[in-house]
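Worksheet: one structure, shown below.
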Amino acid sequence: MAALAEARGASRRFGAFTAVSGADLAVTRGEVVGLLGANGAGKTTLVRLLLGLLRPSDGAVLLFGAAPSVSSRRRVGYVPQTLGLYAGLTVAENWAFTATAFGNSGAPVAAGIAAWRNELAGSLPLGVQRQVAFAVALSHHPELLILDEPTSGVGPLRGARLWDDIRQSADQGAGVLVTTHNMEEAEQCDRLVVMAGGRVVARGTAAEIIGDRTVAQVRCDDTTRAFALLDAGHLPVQAHGTTLRVGAPAAAVSGLLARGGVDATIEVVPANLEEAFVAMVAGQEAA
Amino acid sequence: MRWGLEDVDVRRGRNVALAGVTVPADPSRITVVIGGDGAGKSTCLEALTGLLEPAAGAVYRPAKERIGYVPATAGLYADLTVQENLGFSADAYRLSGRERSRKAAEILDRTGLSGARRRLGGQLSGGMQRKLAVGLALLHSPELLVLDEPTTGVDPVSRVELWRLIGQAAAAGTAVVVTTTYVNEAARAATVILLEAGKVLASGTPDDILSGVPGAVGRAAGAGRPTPLSWRRGRSWRVWAPAGRLPDGVQPVQPDFDDAVVIAALAGEGG
């Protein structure tokens, strides 16, 4: 299937600084692709390349099969993390403004946000503002949606409802690109493209990206002392409820604990996405 | 509980900001308060630190100078260098002599900011600013460390480093209370409080909350919403049946913590 948006070996330099280097990425209809990276990894620059707001220094970028243009950008809905709503306008006025900008003036306010139509956008709780921004971005029936951390900060139920909306758009044929550094959002995506230092360093489902990475999980009566021992031994230890998780070989962990006189059960368990991501990014920086 | 809130009500004008909220904080333990925007998380911390007076309930806290508190939007001086921020906090906490230089060096080492000590606070990255703010709150080795959304908007590498700082504080005996909007951070806590609209939806260890999920949870494929009590997990649906009877074609699954949080919110909404 032809991609809605595609980067082929795309690079972008600003003077001596390379923000994106040889990135490949494609979003097709009906899928939710997560673009995952730390701050400064190159996510925003890559999105700006896809939208045609920047030109690649090398490689190619295609939006709906051609170089991005003003007319192809009309087929894209974009929700930045700052939401792009006018805080001093009502929900209905925000809707009308965007509809008019896209040549849709007079379109009725979407049913899902009509309850807040006369409220000032800036007076609504963050979760509702996100829902409004999403509905406004959908008002011109875009074929490609680009969402920046769409569910950050909104609480579990509102977040689940936002994902219902996002999935519904994908089910109706839109392609969705979610840029995020939030692992919960990343886990909701069909597949992930992981960036670090301007490069794509991994791609695939969350399970594929985790691969066979493991951590050592420590259970013991005195996790406080165990944490202190492992921390003093410079192992990357993290508290997890009543257990500790350590991104280091089990032998190193058991050695340190035994020398410190802590009796512990150590189990090698699969890493989670955050642990895999952090290990991957650290490896990239070391390389 | 040693420190914390017990059955606390807070009113703001006519609005009830917190209703019957209990948040325990014990030495060497991490309590995570999780909720969305407007849930009442910051209000809990303001009541805990004494910034506001509850209308009812009990608040247990050490003397003010034994608390380390980092609000959501501040915690350092943007116009001072890292070193000057440390000096200012050390003055405020009346640290002197050897203790002062030892603690400052320790905080610089733990936060990884030794190389940045001459940079202005405002010029640090978001993650470095949060680490410095937490470091400043730890300078006087508080008995109670209170952090309001220390990891919001912070990238994953800095987030792990912040949680390492928090873990170190707990390992040193400090009672820690942290708020967050990220469900997966609750798994790091010894005690989790789920807060929504000023009320506690669920509380306990992560395992308590998981095992307390009422009814049955299932997984369904397809585009249509299987029941009103359904939500998306990737391409598939999660379905909650409070009475334990899942509809035909819905495959039972073991709920995970993300499911438990959504179910607690659904149950709270249903009243």
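Numerical summary
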{"item": "Scope region A:237-287; condition in contact with a Gly (Cβ under 8 Å, 6 or more places away or on another chain) and assigned to a strand (DSSP E or B); matching residues", "result": "A:Val237, A:Gln238, A:Ala239"}
{"item": "Residue in region B:142-161 that is in contact with a Leu (Cβ under 8 Å, 6 or more places away or on another chain), assigned by TED's automatic domain parsing to the domain that holds B:Glu84, in contact (Cβ under 8 Å) with a residue 60 or more places away in the chain and part of a loop (DSSP other than H, G, I, E, B) present", "result": "yes"}
{"item": "Considering residues of region A:67-80 that are farther than 23 Å from A:Ala19 by Cα and more than 22 Å from the chain's Cα centre (by Cα) only, the residue surrounded by the fewest Cβ atoms within 10 Å (Cβ to Cβ)", "result": "A:Val70"}
{"item": "All strands (runs of 3 or more DSSP E) inside region A:1-120 with 1 or more residues being out of contact with any strand residue (DSSP E or B) (no Cβ under 8 Å at 6 or more places or on another chain)", "result": "A:5-14, A:17-27"}
{"item": "Those residues of region A:1-43 which are in contact with a Ser or Thr (Cβ under 8 Å, 6 or more places away or on another chain) and farther than 22 Å from A:Gln81 by Cβ, in sequence order", "result": "A:Met1, A:Ala2, A:Ala3, A:Ser11, A:Arg13, A:Thr18, A:Ser21, A:Gly22"}
{"item": "Region A:193-242: number of residues that are within 10 Å of chain B (Cβ to nearest Cβ), surrounded by fewer than 21 Cβ atoms within 10 Å (Cβ to Cβ) and in contact (Cβ under 8 Å) with a residue 24 or more places away in the chain", "result": "2"}
{"item": "Criterion: within 14 Å of chain B (Cβ to nearest Cβ), among the hydroxyl-bearing types (Ser, Thr, Tyr), surrounded by 15 or more Cβ atoms within 10 Å (Cβ to Cβ) and in contact (Cβ under 8 Å) with a residue 12 or more places away in the chain - qualifying residue of A:Thr151, A:Thr98", "result": "A:Thr151"}
{"item": "Enumeration of residues in region A:34-60 that are crowded, with 24+ Cβ neighbours inside 10 Å, out of contact with any Phe, Trp or Tyr (no Cβ under 8 Å at 6 or more places or on another chain) and aliphatic (A, V, I, L, M)", "result": "A:Leu35, A:Ala38, A:Ala41, A:Leu46, A:Leu49, A:Leu50"}
{"item": "Selection status of A:Asn104, crowded, with 22+ Cβ neighbours inside 10 Å, within 30 Å of A:Val128 (Cβ to Cβ), more than 17 Å from the chain's Cα centre (by Cα) and of a type outside the set (Val, Ile, Thr)", "result": "no"}
{"item": "Matching helices (runs of 4 or more DSSP H) fully within region B:181-271 where at least 2 residues are under 17 Å from A:Gln188 (Cα atoms) and more than 8 Å from chain A (Cβ to nearest Cβ)", "result": "B:257-270"}
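Yes/no per residue for (1) within 30 Å of B:Asn15 (Cα to Cα); (2) modelled with pLDDT under 90:
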| residue | (1), (2) |
| --- | --- |
| B:Gly121 | no, no |
| B:Leu144 | yes, no |
| B:Val157 | no, yes |
| B:Leu165 | no, no |
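Residue-by-condition table, conditions (1) within 14 Å of chain A (Cβ to nearest Cβ); (2) touching a Ser or Thr at 6+ places or on another chain (Cβ under 8 Å); (3) exposed (fewer than 15 other Cβ atoms within 10 Å of the Cβ):
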| residue | (1), (2), (3) |
| --- | --- |
| B:Val8 | no, yes, no |
| B:Gly13 | no, no, yes |
| B:Val16 | no, no, no |
| B:Thr22 | no, yes, no |
| B:Pro27 | yes, yes, no |
| B:Ile30 | yes, yes, no |
| B:Gly50 | no, no, yes |
| B:Ala56 | no, no, yes |
| B:Ile67 | no, yes, no |
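The values are calculated or read from the model by the stated rules, or taken from the named source; none is laboratory data. Treat the numbers as computed from the prediction; the structure is a model and nothing was measured. Cβ sites come from the backbone with ideal geometry, for glycine too, and all protein chains shown count toward neighbours.
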